[in-house]
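Just so it is clear, none of the values below were taken in a lab; they were calculated from the coordinates. As the structure is a computational prediction, the values presented were derived from the model and not from experiment. Cβ sites come from the backbone with ideal geometry, for glycine too, and all protein chains shown count toward neighbours.
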Amino acid sequence: MTKDRSRAITRSKWFLPLFSVALGLVILTVSWLGGQLATGAISFGVLAVFGLLVLLAGRSETIRGLRGDGRDERFARIDLQATAVTGLVLLVALIVAWLVATARGQSGSPYDWLLAIGGLGYLLAVAWFRWRG
Amino acid sequence: MKNKVRTLRIQKDLAQGQLAEAMGVSRQTINSIEKERYTPSLPLALALARFFGVTVEEMFDDQGS
């Protein structure tokens, strides 16, 4: 898939609503396989309603940016910054959870694994983007 | 970054939305550039300069920001 084609897809107003529904279907399937059909159905319903609301929401910049059809270079930067902040929040939460678990005499799992994956992912991303120039 | 986007846009009698449409960005992005809250990418800066028929240096002032 070319970069332009993938950009056209993510900048469609249908991107986030369809992504929400697709994610809901995956959760529904996994929950069904795990014998928790009711939980899966609720999750699917929540995600489907969210997708519908986003699709039918107004034309504010934030909504259009989140939805996809209002994305330009400035919103892409906002998205990148928001993603970085989200990553930092998750990292701090995992470190705190690991410290608390360790202080309680627990193994610290799965926080240690998640932190390791996060750290490795960051290093690989740095190497990749540095290599690409 | 200080710039003359607003001045040039008004000279051309264009609304922010019209300039935004011509540049393929949102009206809010044009507004942010004019208010010097957002520094556009090099491709957008070049497109703006080309659109107004000036150089990037004439449009943006990196010394004054």
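Just to check, using Stokes-Einstein with a Kirkwood Rh over alpha carbon pairs, what's the diffusion coefficient of the stretch A:1-117 at 10 °C and 1.306 mPa s in µm²/s? Let's see the in-between values first.
Details: Rh = 16.9 Å.
D, rounded to a whole number, is 94 µm²/s.
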Problem - Alpha carbon centroid spacing (whole Å) that separates the stretch B:7-49 from the stretch A:23-87 - result: 30
Handout entry: B:Gln11 versus A:Ala38: modelled label distance in nm, points set 7 Å from Cα along the beta carbon direction
Key = 7.0
Problem - Average other protein chain Cβ within 10 Å of Cβ, residues A:107-115 - result: 0
Exercise for the section: Tabulate in residue order the Karplus-calculated ³J(HN,Hα) for the stretch B:39-55, using 6.51 cos²θ - 1.76 cosθ + 1.60 with θ = phi - 60°, rounded to whole Hz; enter x for Gly and Pro. Expected result: 9, x, 5, 4, x, 6, 4, 5, 5, 5, 4, 5, 4, 8, x, 10, 8
Practice task
Sequence neighbours fewer than 8 away in the same chain don't count; with that in mind, list the aspartates and glutamates whose C-alpha is under 13 Å from B:Lys2.
Solution key: B:Glu34, B:Glu36, B:Glu57, B:Glu58, B:Asp61, B:Asp62
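Is the shape of chain B best called rounded, prolate or oblate, per the rule: a/c under 1.5 gives rounded, else a/b larger than b/c gives prolate, else oblate, with a ≥ b ≥ c the square roots of the Cα gyration tensor eigenvalues?
Values: a/c = 1.43, a/b = 1.27, b/c = 1.12.
Here chain B falls in the rounded category.
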Practice task
Highest first, please rank the peptides A:12-24, A:36-48, A:78-90 by the mean number of other Cβ atoms sitting within 10 Å of their residues.
Solution key: A:12-24, A:36-48, A:78-90
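Under the definition of partner shielding as Cβ atoms of other protein chains within 10 Å of a residue Cβ, what is the mean value for peptide B:28-39?
Details: counts 9, 7, 2, 1, 1, 1, 0, 0, 0, 1, 4, 2.
Rounded to a whole number, the mean comes out at 2.
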Handout entry: Whole-Hz couplings from phi, Karplus 6.51/-1.76/1.60, listed for the stretch A:41-50; x for Gly and Pro
Key = 5, 5, 4, 4, x, 4, 5, 5, 5, 4
Handout entry: Per-bin percent of Cα-Cα distances, the protein assembly as shown [10 Å]
Key = 8, 21, 26, 25, 13, 6, 1, 0
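For a protection proxy built on the mean count of beta-carbon atoms within 10 angstrom, sort B:53-60, A:122-129, B:38-45 highest first, please.
Values: B:53-60: 14.5, A:122-129: 10.0, B:38-45: 16.6.
In descending order of packing, they fall as B:38-45, B:53-60, A:122-129.
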Completion exercise
Calc'd 3J(HN,Hα), the stretch A:68-85, phi into Karplus 6.51 cos²θ - 1.76 cosθ + 1.60 (θ = phi - 60°), Hz, glycine/Pro = x, comes to x, 6, x, 7, 10, 5, 5, 5, 4, 5, 4, 4, 5, 5, 5, 5, 5, 5
Practice task
Could you work out, for the stretch A:56-133, what percent of all Cα-Cα pairs fall into each 5 Å distance bin, beginning at 0 Å and stopping at the bin that holds the largest distance?
Solution key: 3, 14, 14, 15, 14, 13, 11, 9, 5, 2, 0
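I'd like the mean, over residues of B:40-46, of how many other protein chain beta carbons sit within 10 Å of each residue's own Cβ. Write out the running numbers ahead of the final one.
Working: counts 3, 5, 0, 1, 3, 0, 0.
So the per-residue partner count for this stretch is 2.
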